[in-house]
Amino acid sequence: MGLRDALIPAPLRKPGKPGERVNGDGASPVLERAKEAPVDLVGWVDERTGASPFLTGLLFRKVPKGTNWFYTLGSATLFAFVVQAITGVFLAMFYVPSTTEAYDSITHITEDVFLGQFVRGLHIWGATVMVIVIFLHMGRTFFFGAYKYPRELNWVIGVVLLILTMIMGLTGYLLPFDNRSYWATVVAMNITASGPVVGPYLADFLRAGAEIGETTLPRFYAIHMLLVPGLMFALIGAHLYLVVKLGTTAPPWLRAETKPKSLREEQV
Amino acid sequence: MADAGDNKSVTGPGGEPEKPKPPGYFKGESMTRRTAFMALGQAFGGVAVAAVTLPVVGFAVAPMFESPQEEWQAVGPLDDFTSDTYRQAVVTAVRDVGEAGKTTVYVRRGSADLDEDPEEIIAISSRCAHLGCPVRFYPSAGSFICPCHGGVYDFEGKVTGGPPVRPLDRFQTRVSAGQVEIGPRYSVTSQLEPVRTRDPAAFTGGIWEYLYPPRPTTPPAP
């Protein structure tokens with residue numbers, strides 16, 4: 001019994017080949033019993049949820065030949081999002097979304113709170129990293145042709161996630177409420193308003209009126225930490241479901257083997 | 001309503017057995033009991049969702065429809081202003097947001113050289129008509145110049161260069177007890193005709209008046 005078998009409880013282990021023994025290798029009964037404890041616990045949950053086929057399917061799914069480091073960019077994006085979510089939750093413990101107190105609360109986080117500068121720095125730089133990694137992930141998908149049938153819907157979901165990330169960047173930029181964020185948001189709102197017919201109304205909705213004022217900042221804060229993250233969590237779930245369901249593509253430089261000989265082997 | 005016992009399979013005209021009638025079937029019914037209840041359930045669900053969503057959306061949209069209070073702010077005695085250059089004045093555009101809510105207004109008297117009424121007070125907004133950055137008046141050049149994207153306006157606020165789409169906005173003015181007072185903002189067309197105030201980047205005049213509608217609560221142009 002190897003280390004991996006000791007660490008992974010039986011229901012989550014890779015299913016054995018027919019006839020292969022999975023459990024019991026003749027060790028002492030006490031040790032055997034102790035080893036069974038986590039198995040019992042996982043088994044208890046599994047019996048009531050039926051989650052193990054789903055989890056083994058997720059963890060031991062087949063990937064095509066030629067899978068390389070470029071295929072980790074999606075996970076890197078997910079990691080960047082999780083970092084933003086976690087640091088964001090903790091920043092919210094000190095941030096005050098009020099036009100008169102926002103800037104002071106930000107300086108308080110940076111200068112007084114233990115590790116505040118580090119956590120805020122992670123959130124700021126993490127935002128930039130997330131946008132960069134998203135575009136690398138998108139480039140990988142594009143250049144490897146991984147957006148083609150039957151994965152078009154996942155591309156569409158990815159584009160929506162990209163737009164939502166941009167909205168996160170836009171709404172987060174106002175929150176420190178210093179001169180830079182104020183004027184950047186003024187310009188962004190006026191670009192929004194420059195769209196004919198709907199533009200002025202959309203800008204009015206975002207600003208909660210004609211000018212950036214008292215109501216605008218809490219509104220951006222609510223969009224930034226509740227509305228858009230909720231949508232992103234849901235869409236990331238759908239994105240990952242489709243990745244697992246449809247599988248990944250082989251890199252374009254690998255051709256499918258179409259020689260009759262190999263076909264015949266499969267048919268035996 | 002017919003009994004459940006009536007639901008025997010009946011032989012149809014083609015000799016094939018017809019589908020058994022669902023429970024509660026009666027002759028001439030237009031939808032089954034199940035369909036009716038499904039529709040009713042969906043309708044109740046829709047009402048419940050609407051009862052929560054509509055007030056919430058209204059709550060978020062409501063500030064758009066708040067009418068701004070008409071305010072007049074004094075910026076100095078009439079004698080301080082001349083017709084050949086602008087004086088800066090600072091007024092509060094948005095209340096309760098501190099310094100961020102203040103805006104600079106450039107004020108002068110009407111100039112006879114430009115065919116203006118010398119009694120008139122002209123107040124030009126520092127909000128660039130491109131994307132809303134603050135413009136600055138340079139007396140040596142006689143121009144307003146925007147630091148962000150290089151918009152240039154002449155002495156009257158008309159565009160002479162750069163990306164802005166219309167002249168600088170103006171404010172209504174009046175003289176009260178010897179003090180010049182600044183009132184509501186309004187936009188102008190390229191011919192300096194007053195129109196209802198628009199956001200920066202919105203064209204004014206002609207068909208643009210319809211393509212960039214003013215918000216419903218905007219006060220009428222003077």
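The values are calculated or read from the model by the stated rules, or taken from the named source; none is laboratory data. Everything numeric in this text was worked out from a predicted model, so none of it was measured. For neighbour counting, all protein chains shown are included, and Cβ atoms are generated from backbone atoms with ideal geometry for every residue, glycine included.
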* Is at least one residue of segment A:119-140 at pLDDT 95 or above and in contact with a Lys or Arg (Cβ under 7 Å, 6 or more places away or on another chain)? -> no
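Output the residues belonging to segment A:176-195 that are surrounded by 22 or more Cβ atoms within 10 Å (Cβ to Cβ) and under 21 Å from A:Ala92 (Cβ atoms).
Correct list: A:Phe177, A:Thr185.
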* **Extreme residue, modelled with the lowest pLDDT, among residues of segment A:196-222 that are over 16 Å from B:Met64 (Cβ atoms) and surrounded by fewer than 17 Cβ atoms within 10 Å (Cβ to Cβ)** => A:Pro196
* Please go through segment B:32-64 and pick out each residue that is over 29 Å from A:Arg207 (Cα atoms) and either within 14 Å of chain A (Cβ to nearest Cβ) or among the hydroxyl-bearing types (Ser, Thr, Tyr) (or both). => B:Thr32, B:Thr35
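What strands (runs of 3 or more DSSP E) completely inside segment B:151-222 contain at least 3 residues that are buried (at least 17 other Cβ atoms within 10 Å of the Cβ)?
Per the criteria, B:170-176, B:179-188.
Just to be sure before I move on: is B:Ser143 buried (at least 16 other Cβ atoms within 10 Å of the Cβ), more than 14 Å from every other protein chain (Cβ to nearest Cβ) and at pLDDT below 90 in the structure I sent?
no
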* So which of B:Arg174, B:Arg166 ends up being more than 21 Å from B:Arg109 (Cβ to Cβ) and at pLDDT 90 or above? -> B:Arg166
* Give me a count of the residues in segment A:105-156 that are among the small types (Gly, Ala, Ser) and surrounded by 16 or more Cβ atoms within 10 Å (Cβ to Cβ). => 5
* Structure fact -> The residue that is farthest from A:Phe220 (Cα to Cα), considering only those in segment A:170-205 that are in a helix (DSSP H, G or I), within 10 Å of chain B (Cβ to nearest Cβ) and in contact with a Ser or Thr (Cβ under 7 Å, 6 or more places away or on another chain), is A:Gly199
